[in-house]
Amino acid sequence: MYLKRYLFALALYYLPYILLVQWVNAKGAQPDEAHAVAQVIMALIFVLMSLHLVVLRPQARFAFESRMRRVMRWALYLVLYAGLVLLPALLLLFNDSDAFHITLAMPSLLFLGMLYSPGEENEPEGGEVDRVLADDGPRRWLTYYGLYLAVPFAGGLLIAMLVPKAYALPALALFGLFVMGMGLWMLYRLTVARPNVRFVALTRGQRWKRFGIYAGLYLALVLVLPRVLATLFGHGPAMDTWVMLPLLASAAYGPDMAHAGLIFRPRTPEQPRPESDGERLQRRIREIRAKYPLSPDR
């Protein structure tokens, strides 16, 4: 059961972190310095733990025949760890910001992604209905992305034109929450309500767990990363349009984009060249000889 492995991985990661912080504090370091040292050491521990879970002793979701494919998945998790945990934490610590505590929750999502592997389940009750719901357009996620681009632009323009300046900032804040809710609704539609190819065969409970993973990653990239950039550069650009395209594509089809609806003309298999009369006669002679071989004395 993945839950036991997940809890064990969390204990194996967070317990050394707590001990490292206490040990560095005992050496006379400042609290921010202690956390920075612990973050660097825990990054090395994460490298080893993820290497074990993805490449050396792969979990069910990484049991590929190709070792290179497992290595590429491992590299993806290292990039996610660096972008969501290590670099934001160090930047926030060096700027004396307590917001680095937010990054401490990110490894729990990464370990959940590595260890949660939905098994082959029997068709859930009402499975035929789910398959009908899944047929909601092969390029639905691209439509969602276009909507995600258009709504903030149109909403911001209307607020600038219609809302008095005294209420513009509160209106923009509320509208930002609405856009965030719309992004979560799109991920919910692709994973739970009308699951696409990747999740259509899963039970509803499994789809809710997948939605939780995507929602957590979306909120982390939208809320945490801009705050890190604001601390570093003085301003934090909106990350929504950058992160929503890969998130929607992954929720719809995952790493296999063969059916992602990007090919507008289906490929037709190459038709074999028609046989000539001579080739057809030679083929029939070979078939007859194979079926009625001559005896050795003839």
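Overview of results
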read-out	value
Residue that is modelled with the highest pLDDT [pool: residues in the range 222-248 that are touching a Phe, Trp or Tyr at 6+ places or on another chain (Cβ under 8 Å) and surrounded by fewer than 19 Cβ atoms within 10 Å (Cβ to Cβ)]	Leu245
Output for the range 89-113, where each listed residue is more than 20 Å from Arg210 (Cβ to Cβ), modelled with pLDDT under 85, of a type outside the set (S, T, N, Q) and open to solvent by less than 30 Å² (accessible area, probe 1.4 Å)	Leu92, Ala99, Phe100
Members of the range 34-66 that are in contact (Cβ under 8 Å) with a residue 24 or more places away in the chain and of a type outside the set (A, V, I, L, M, F, W, C)	His35, Gln39, Ser50, Gln59, Arg61
Gly146 vs. criteria small (Gly, Ala, Ser), over 28 Å from His101 (Cβ atoms) and without any contact (Cβ under 8 Å) to a residue 24 or more places away in the chain	yes
Where Tyr17 falls short, out of the listed (1) closer than 24 Å to Asp98 by Cβ; (2) open to solvent by less than 30 Å² (accessible area, probe 1.4 Å); (3) within 23 Å of the chain's Cα centre (by Cα)	(3)
Hits in the range 168-194 (condition: within 18 Å of Gly205 (Cα to Cα), assigned to a helix (DSSP H, G or I) and open to solvent by 40 Å² or more (accessible area, probe 1.4 Å))	Leu184, Trp185, Tyr188, Arg189
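The values are calculated or read from the model by the stated rules, or taken from the named source; none is laboratory data. In this text, all values refer to a predicted model and were calculated from it rather than measured experimentally. Glycine gets a Cβ as well: all are built from the backbone with ideal geometry, and neighbour counts include every protein chain shown. Side chains are part of the model used for accessible areas, which takes the heavy atoms of the whole protein and leaves out ligands, DNA and RNA. Shrake-Rupley method; radii C 1.70, N 1.55, O 1.52, S 1.80 Å.
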